[in-house]
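Take a look at the structure below.
The values are calculated or read from the model by the stated rules, or taken from the named source; none is laboratory data. Since this is a predicted model, take the numbers as computed values, not measurements. Cβ atoms come from the backbone with ideal geometry, glycine included; neighbour counts cover every protein chain shown. With ligands, DNA and RNA removed, areas are computed over all heavy atoms of the protein, side chains included. Shrake-Rupley method; radii C 1.70, N 1.55, O 1.52, S 1.80 Å.
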Amino acid sequence: GKDDAIAGELQRLCRRARKRSLDIVEREAQEALAASSCVDEPTSWEREAGASPSSSLALTRAVAARAAATEAAARSSEMAATGTKGRRGGDGGGDGGGGSDGIGGEGGGGRDGEACGERQLAASGAGCGGEAQVPPTAPPWLMVTGQPGSGKTTLVRRVAEALAQRGVALRGFFTEEVLGAGGSRVGFDVVTVPDGRRGVLSRKAGLPAHCPRTGAYAVDVAAFEALALPALSPPPPSAAARRSVVVIDEVGRMELHSAAFQAAVTRLLASPAEAVVFGALTAPIYGHRVPFCDAIAAHGRVSVDRITQKTRDAVREALQRRLLREVGLREEG
């Protein structure tokens, strides 16, 4: 009677909202593609899925992931309205491969791939199955994001230095720009924390032709992995603090050419280890989103602050206070 009528109306509204959301996604995609000339080579998982480089590659996977997330959210609302239970899991999952057409988000193929896709990390555990649930008391991930030049690396470095001065155990890595003789940028290095070992991440010239590229830069995946992957293991807490901190600067387009790095970040997010993760996520550029970063940001364990040159100092101070509390220390003064 009355309950059936209410449920029917809710279903109708869900269908309308879903169609409108997908139309908006498509329109945004067309506008972004028209405004952008960015060409990235496919990441390792895209190559395995049979994708090829094109100006619409990043945009295509973003549209697919966003549409899947919209569809999944609408489906969840519709099932909640009728009191039914949805299926869990999916036919695919993990770090590799898109959907049946090879353009899905980071993982999750098959007809239930929308339950993974952009939100594979939000499932906690090794993919969509959710086999390994993270305890609700697990330490948080505190991340910043912003456009190039907003000061993400400077913020992360300054906060890490302040924590080290208080005796907090740190491990991780920064990415640091490399300048040529004329002062122009020629690439990026990866620098480990706390020991400061340095290796090549990317260069505009001089790397082998087989190296994947992000824009003007060739990425030395092997050199990056040699330094960055060991640095993602949380160190034991120091005597001064009850928790340690893992620094990741950054989860970005260059770093994500490494499938091993993606897998390590996924494991770390699902780990109950008593370590706070602090770092940076790359931001969308001209409508080109990075689904792996979107998935991290969507995880319930993760807090993301967007910064600009005007707001970065205030955000840095707030994050430093939060991190001190999370490791069991009081702010000085």
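For the range 295-333, the set of residues classified as open to solvent by 30 Å² or more (accessible area, probe 1.4 Å), of a type outside the set (Lys, Arg) and in a helix (DSSP H, G or I) consists of ALA297, ALA298, ASP313, ALA314, GLU317, ALA318, GLN320, GLU326, listed by residue number. Residues to consider are SER184, SER258; find the one that is among the small types (Gly, Ala, Ser) and at pLDDT 95 or above. The conditions single out SER258.
Would you check which residues across the range 241-256 are part of a helix (DSSP H, G or I) and over 19 Å from the mean Cα position of the chain (by Cα) and list them?
So the first thing to find is which residues in the range 241-256 are part of a helix (DSSP H, G or I), and the list is 255-256.
Within the range 241-256, no residue meets the criteria.
Scanning the range 254-264 for residues that are free of Cβ contacts under 8 Å to residues at least 40 places away in the same chain and either open to solvent by less than 10 Å² (accessible area, probe 1.4 Å) or over 25 Å from LEU323 (Cβ atoms) (or both) yields ALA260, PHE261. Pairs meeting the criteria (first residue in the range 304-330 and free of Cβ contacts under 8 Å to residues at least 12 places away in the same chain, second residue surrounded by 19 or more Cβ atoms within 10 Å (Cβ to Cβ), beta carbons under 7 Å, at least 6 apart or on different chains) are ARG330/LEU324.
Can you tell me which residue within the range 151-178, out of those that are farther than 17 Å from GLY206 by Cα and assigned to a strand (DSSP E or B), is most open to solvent (accessible area, probe 1.4 Å)? If you could, list the steps in order and put the result at the bottom.
First pass over the range 151-178, keeping only residues farther than 17 Å from GLY206 by Cα: 151-176.
Narrowing further to those that are assigned to a strand (DSSP E or B): 170-176.
Numbers: LEU170: 19, ARG171: 76, GLY172: 0, PHE173: 0, PHE174: 14, THR175: 15, GLU176: 53 Å².
Selected residue: ARG171.
The condition of being farther than 27 Å from ALA314 by Cα, part of a loop (DSSP other than H, G, I, E, B), touching a Gly at 6+ places or on another chain (Cβ under 6 Å) and small (Gly, Ala, Ser) holds for only one of SER202, SER238, that being SER238.
Answer yes or no as to whether ALA181 is closer than 26 Å to ARG330 by Cα and open to solvent by 10 Å² or more (accessible area, probe 1.4 Å). Spelling it out, it is not the case that ALA181 is closer than 26 Å to ARG330 by Cα and open to solvent by 10 Å² or more (accessible area, probe 1.4 Å).
Looking for something surrounded by fewer than 22 Cβ atoms within 10 Å (Cβ to Cβ), without any contact (Cβ under 8 Å) to a residue 60 or more places away in the chain, assigned to a strand (DSSP E or B) and in contact with a helix residue (DSSP H, G or I) (Cβ under 6 Å, 6 or more places away or on another chain) - is there at least one such residue anywhere in the range 215-230? Looking for residues that are surrounded by fewer than 22 Cβ atoms within 10 Å (Cβ to Cβ), without any contact (Cβ under 8 Å) to a residue 60 or more places away in the chain, assigned to a strand (DSSP E or B) and in contact with a helix residue (DSSP H, G or I) (Cβ under 6 Å, 6 or more places away or on another chain), one finds none in the range 215-230, hence no. Could you tell me whether any residue of the range 269-283 is open to solvent by 40 Å² or more (accessible area, probe 1.4 Å), small (Gly, Ala, Ser) and at negative phi? Looking through the range 269-283, none of the residues is open to solvent by 40 Å² or more (accessible area, probe 1.4 Å), small (Gly, Ala, Ser) and at negative phi.
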